[in-house]
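Just so it is clear, none of the values below were taken in a lab; they were calculated from the coordinates. Remember, it's a predicted structure, so these values are computed and weren't measured experimentally. No Cβ is skipped: glycine too gets one built from the backbone with ideal geometry, and neighbour counts run over all protein chains shown.
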């Protein structure tokens, strides 16, 4: 999986491309963990390039969201496909996590 | 070892990196069985979760171990079997997730149940677990007579 990280003012934007599954979950955990360790707690993960997600990938996003909130920030998601949104809905995580239609909307939510 | 076995069967080994190949094969197989596009994603998630469980729990992340996946279709349903040869599934050790508590793990089987109509397992063979996932075709209700 390719994961790009960019900074938009005080918001750190993480852009994974590929499947977020059991094989790539550790890479996502490492990326998000390193950002949180560096004090980057205002996170946006753009899932526009993720066509498939399983419980392992989902678990890493939830874990990072909890850590970010504990540190006074949050992990917000954007650009979910209809399919990946179904994974969130079946676990009710769409009610617990902040989801936005676009990256711009997710970044703007911090202002 | 990875690749197609007899028609409708795929054999992968227990490395997580093999799951992408399984999904690709499954997508083609589901298309061959005329499963609608919107149902295909859920079935890929369901089968992927069962195979991930085999990798994590049956084989304890040890690579090189076989997992067999087969797909059969009838007029009213699709039957997918996943077979591993590792530690048998122990239902006593399974705790359903508390969705109110925003779980980080343990949601794999919950996801499977959301995307299939029936899920069962068989641990009576000498080794491993045979999982059976059933998805009824649109308009065919569970409990109807098999075709």
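Observations on the model:
- When the helices of chain B are scored as -39500 (n - 2.57) per DSSP H run of n ≥ 4 and the total is divided over every residue, the value at 222 nm lands at -8500 deg cm²/dmol.
- Summary value for region B:1-118: 28 percent relative contact order, contacts being C-alpha pairs under 8 angstrom separated by 6+ residues.
- Chain A - mean residue ellipticity at 222 nm from DSSP helices (-39,500 (n - 2.57) per run, n ≥ 4, rounded to 500): -12500 deg cm²/dmol
- Over the C-alpha trace of region B:81-122, radius of gyration and Dmax come out as 11.9, 35 angstrom.
- Residue with peak Gaussian network fluctuation, chain B [Cα springs, cutoff 10 Å], from B:39, B:29, B:100: B:100
- With R₀ set to 22 Å, the beta-carbon distance separating residue A:110 from residue A:34 gives a calculated FRET efficiency near 0.60.
- Kirkwood analysis of the Cα pair distances in the protein assembly as shown returns a hydrodynamic radius of 19.2 Å.
- With Cα atoms as the point set, the radius of gyration and Dmax of region A:2-108 evaluate to 12.3, 34 Å.
- Highest mean packing first, where packing is the average number of other Cβ atoms within 10 Å per residue, the peptides B:8-15, A:20-27, A:53-60 line up as A:53-60, A:20-27, B:8-15.
- The residue A:10 and residue B:119 beta-carbon pair, evaluated with R₀ = 41 Å, returns a calculated FRET efficiency of approximately 0.35.
- Most fluctuating residue given options B:59, B:136, B:94, as computed from a GNM of chain B linking Cα atoms under 10 Å: B:94
- P(r) histogram, all alpha-carbon pairs of chain B included - 10 Å bins from 0, percent: 11, 42, 35, 12, 0
- Take each residue in A:17-24, count the other chain C-beta atoms within 10 Å of its C-beta, and the mean is 5.
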